[in-house]
1. Could you tell me whether any residue of region 16-24 is within 24 Å of ALA116 (Cα to Cα) and modelled with pLDDT of 95 or more?
2. Looking for something at pLDDT 95 or above, open to solvent by 80 Å² or more (accessible area, probe 1.4 Å) and over 19 Å from LEU136 (Cα atoms) - is there at least one such residue anywhere in region 62-77?
3. When the residues of region 46-55 are filtered to those that are of a type outside the set (Phe, Trp, Tyr) and more than 13 Å from the chain's Cα centre (by Cα), which remaining residue is most open to solvent (accessible area, probe 1.4 Å)?
4. Restricting to region 21-32, count the residues that are over 15 Å from ARG60 (Cβ atoms) and either open to solvent by 40 Å² or more (accessible area, probe 1.4 Å) or free of Cβ contacts under 8 Å to residues at least 24 places away in the same chain (or both).
5. Test LEU40 against the stated conditions and say whether it is closer than 20 Å to THR22 by Cα, open to solvent by 60 Å² or more (accessible area, probe 1.4 Å) and in a helix (DSSP H, G or I).
6. Could you count how many residues in region 88-108 are open to solvent by 30 Å² or more (accessible area, probe 1.4 Å) and more than 21 Å from LEU37 (Cα to Cα)?
7. Checking LEU58 against (1) closer than 23 Å to LYS124 by Cα; (2) at pLDDT 95 or above; (3) under 16 Å from the mean Cα position of the chain (by Cα); (4) open to solvent by 50 Å² or more (accessible area, probe 1.4 Å), only one condition comes out false. Which one?
8. Have a look at LEU78, LEU41, LEU58 and point out the one that is hydrophobic (A, V, I, L, M, F, W, C) and closer than 16 Å to LEU112 by Cβ.
Amino acid sequence: AYSYDHASDEAAMHPKPATAATRILVVDDNADAANTLAELLGIDGHDVITAYSGHEALARAADFQPRFVFLDIGLPDLTGYEVASRMRKIPGMETAVLIALTGYGQARDRELAMDAGFDEHVVKPIDFAKVTSLNLHTR
């Protein structure tokens, strides 16, 4: 006796989407800091790449199209503010979530970051609990 299972047929036609890894770009001229953050984010299941300068960050953003960018303000070639402003003009990067990484936590520093196009402002040293609270999987 063969019984037809309509529910499993329905599930086969509409599979649940697999949770795709979130693409993240970490930009910091301190390679150790960038690599450490990238490793921590990678452990959480994200697809992470790094860049160590502003120009490298812009090139990688255009190719990789990250959903999130952790961007150090103090870079050797361009400021993080300049990078954020230029990154917003890259096709496909208009809606990426840009997170400023900075040693400066004053209200004015936060304002400058928001004016440059950042969505979040994280003060160094990075509190990884704060990073994970940014909801990187669902935004």
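The values are calculated or read from the model by the stated rules, or taken from the named source; none is laboratory data. Worth saying up front: this structure is predicted, and the values here are computed from it rather than measured. Note that each Cβ is placed from the backbone with ideal geometry, even for glycine, and that neighbours are counted across all protein chains shown. Keep in mind that these areas ignore ligands, DNA and RNA; they rest on the heavy atoms of the full protein, side chains included. Shrake-Rupley method; radii C 1.70, N 1.55, O 1.52, S 1.80 Å.
1. Yes, region 16-24 contains a residue that is within 24 Å of ALA116 (Cα to Cα) and modelled with pLDDT of 95 or more.
2. Checked region 62-77: at least one residue is at pLDDT 95 or above, open to solvent by 80 Å² or more (accessible area, probe 1.4 Å) and over 19 Å from LEU136 (Cα atoms).
3. Result: HIS55.
4. 3
5. So LEU40 passes the test.
6. Residues that pass the stated criteria total 9.
7. The one condition LEU58 does not meet is (4).
8. Only one candidate qualifies: LEU78.
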